[in-house]
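So the structure is just underneath, and the comments pick up after that.
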Amino acid sequence: MKSLFSFLLLGVLFFSCIEDEGIENPVELDGRLNISLVPRYPLQAEDFWVVIHDLEGKPIAHQQMPSGGTMGVELDDSKRYHLTTYLKTRNGDFQSELLETYAYISVAEDITLGLSPTSAPTPPVTGDFRVDMTGVEFPFGAYVTSNIGGMNHSFQLVNGHLEMTASYHQGVTDYMVVAKDQNGQTRYKMLKVTGPDAKLSYKFSDLNAYDRTMKFKRSDFSQFYFSSVALDRTDSGFARRYRVNGNNYGVSFDAHSEYELGFINSFELYEIVISGNRSANAKTFFTYRKIGAVPASISLPIEHTVQPQSQLVSDFRFTKPPGVTNWFAVWDQSDRFVGPPYASLRWFVFGSESSVQLSLPAELVMLNPKLQNLANFKLESTEIVTHSQSYDEQMRGKLVELAKPTTLEMTSIRQSFF
């Protein structure tokens, strides 16, 4: 097995021809690539295949693989290749076939498919508690969140107040209530809940203003969604805590005249996500995401169309804007949903270059007549990404060695074609 650089945060795909990356101990090349599946991956698969393509898209190796299996390929591992997986699952009357391609990847290190982080166990629920917001004038919104990231599971409007019921987790006493009044102002209050069956009641005036806010005019956007989640640094990365602010939580968090993102100084690190579009009926959608300290300001990406010169999954070409680190595109050839049975057939492609060519081996094509003519796949969307991590870092953390979460910042623009 080839050596892994576990000391690298999120890692880098290394290969021997690169000398300007400051690498003191490059990966030793051995002319072989091993591809392994983690145990029990993929779950409930009827069929799973792995295909290696050269950069012209021609399949040079392929294999049907069971969960936990390994595939070995003799190749020049100083070069780059495309990797495609095919997964078929069935759930009752619903059949799903999914192809995923990772284009222009380094194969200097062995690949493991099915890598996923393990989450800390959640303390058991020992009952429910209730938080009431009284004297509210609608439209009014509120939610309850916990120090382990949970949310209230129910709410009801009763005679001018909002009743929220949340799960009490054993040993977890720290919770927070967030509310927005009819004028669009958002406030919060930290709660100490000593046990299940507690009943707490507050007026909006009892809550605290955020230490810091960022505001975006509602009139500037057709759609606008945001969230700020407090993070704790742990030995393995970050742990998600309170959902400090957001308009996609709770009830009636629509903006009045401005969208207001709130932050609390006692939380050093956040995951901030903002997405939306500026024009009604637009086929573009932007996303901003940051993990780390709250920035002094946030510049949201300006949407623009992404029109490929070729929309074929077998020969995809587009003009990549300056600064874009990678892209993601989706093709669809699913049956029209007119009732069961329903068959979904989709192809996801991740890439870094402005073009990619792909074809499939005959053994895989025989599994479904729809795979015989790849021109029948219709481009559903493309998404161009500007990321603080390189494409190689992102792919290594997905395909080689599970990356520890780290600070990052990214923006993307998605173009829909349907």
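The values are calculated or read from the model by the stated rules, or taken from the named source; none is laboratory data. Keep in mind that what you see is a predicted model, and the values were worked out from it rather than measured. Note that we place each Cβ from the backbone using ideal geometry, even for glycine, and neighbour counts take in every protein chain shown. For accessibility, only protein heavy atoms count, side chains too; no ligands or nucleic acids. Shrake-Rupley method; radii C 1.70, N 1.55, O 1.52, S 1.80 Å.
Looking at segment 358-401, which of the residues that are under 15 Å from the mean Cα position of the chain (by Cα) and open to solvent by 50 Å² or more (accessible area, probe 1.4 Å) is modelled with the lowest pLDDT?
Checked segment 358-401; the qualifying residue modelled with the lowest pLDDT is LYS398.
Residues in segment 264-277: is at least one touching a Ser or Thr at 6+ places or on another chain (Cβ under 8 Å), open to solvent by 20 Å² or more (accessible area, probe 1.4 Å) and touching a residue at least 60 places away in the same chain (Cβ under 8 Å)?
Checked against the condition, which is being touching a Ser or Thr at 6+ places or on another chain (Cβ under 8 Å), open to solvent by 20 Å² or more (accessible area, probe 1.4 Å) and touching a residue at least 60 places away in the same chain (Cβ under 8 Å), segment 264-277 yields no hits at all.
Consider ALA282 carefully, then state whether it is more than 21 Å from the chain's Cα centre (by Cα), among the small types (Gly, Ala, Ser) and surrounded by 12 or more Cβ atoms within 10 Å (Cβ to Cβ).
On the way: more than 21 Å from the chain's Cα centre (by Cα): yes; among the small types (Gly, Ala, Ser): yes; surrounded by 12 or more Cβ atoms within 10 Å (Cβ to Cβ): yes.
Here the answer is yes, as ALA282 does meet what is asked.
Would you check if VAL172 is part of a strand (DSSP E or B) and among the β-branched types (Val, Ile, Thr)? Steps first, answer last, please.
Values: part of a strand (DSSP E or B): no; among the β-branched types (Val, Ile, Thr): yes.
When the stated conditions are applied, VAL172 does not pass them.
So which residues in segment 137-156 are open to solvent by 20 Å² or more (accessible area, probe 1.4 Å), in contact (Cβ under 8 Å) with a residue 24 or more places away in the chain and assigned to a strand (DSSP E or B)?
MET151, PHE155
Which members of segment 46-71 meet the condition of being among the small types (Gly, Ala, Ser), within 20 Å of MET395 (Cβ to Cβ) and open to solvent by 40 Å² or more (accessible area, probe 1.4 Å)? Write out each step before concluding.
Keep residues of segment 46-71 that are among the small types (Gly, Ala, Ser), which gives 57, 61, 67-69.
Retained after the next criterion (residues that are within 20 Å of MET395 (Cβ to Cβ)): 57, 61.
None; the set is empty.
So TRP347 ticks every box in (1) open to solvent by 40 Å² or more (accessible area, probe 1.4 Å); (2) within 21 Å of the chain's Cα centre (by Cα); (3) of a type outside the set (A, V, I, L, M) but one. Which box is left unticked?
Against the list (1) open to solvent by 40 Å² or more (accessible area, probe 1.4 Å); (2) within 21 Å of the chain's Cα centre (by Cα); (3) of a type outside the set (A, V, I, L, M), TRP347 comes up short only on (1).
Go through (1) under 16 Å from the mean Cα position of the chain (by Cα); (2) without any contact (Cβ under 8 Å) to a residue 12 or more places away in the chain and name the single condition THR411 misses.
All conditions are met except number (2).
So which residues in segment 183-201 are open to solvent by 20 Å² or more (accessible area, probe 1.4 Å) and either basic (Lys, Arg) or in contact with a Phe, Trp or Tyr (Cβ under 6 Å, 6 or more places away or on another chain) (or both), if there are any at all?
Listed by number, the residues that qualify are ARG187, LYS189, LYS192, PRO196, ALA198, LYS199.
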